[in-house]
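What follows is a short report on a single structure.
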Amino acid sequence: MVPRAGVTVDIRPRELPITLIGTAGGALALWAHAPAKVAVPTALLIALDIRVRRWRRRV
């Protein structure tokens, strides 16, 4: 997905320790018997802070 003009996408790591995030994500995947196709994107959403902002130019 490519952002359009007027859309800002900010992606940055959360302020949690990466070891804690990895351990929690792995434990959740094992506990829920989740396949890797589900566990990896979910772990990325937990580990990253993603903000999408829309702005317009004033004329």
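The values are calculated or read from the model by the stated rules, or taken from the named source; none is laboratory data. Every value quoted in this text rests on a predicted model; they were computed, and no experiment measured them. As a convention, Cβ positions derive from the backbone with ideal geometry for all residues, glycine included, and neighbour counts pool all protein chains shown. To get the accessible areas, we keep the full protein, side chains included, count just its heavy atoms, and leave off ligands, DNA and RNA. Shrake-Rupley method; radii C 1.70, N 1.55, O 1.52, S 1.80 Å.
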Inset, instruction - Would you point out the residue of the stretch 36-51, among those that are under 24 Å from Val7 (Cα atoms) and open to solvent by 100 Å² or more (accessible area, probe 1.4 Å), that is modelled with the highest pLDDT? - result: Arg51
Legend entry - Test for Arg4: is it at pLDDT 80 or above, open to solvent by 70 Å² or more (accessible area, probe 1.4 Å), basic (Lys, Arg) and not in a helix (DSSP H, G or I): no
Inset, instruction - Check whether at least one residue in the stretch 10-24 is in a loop (DSSP other than H, G, I, E, B) and either surrounded by 10 or more Cβ atoms within 10 Å (Cβ to Cβ) or modelled with pLDDT of 85 or more (or both), and report yes or no. - result: yes
Legend entry - Test: residue in the stretch 26-35 that is of a type outside the set (A, V, I, L, M, F, W, C), surrounded by fewer than 11 Cβ atoms within 10 Å (Cβ to Cβ) and within 15 Å of the chain's Cα centre (by Cα): no
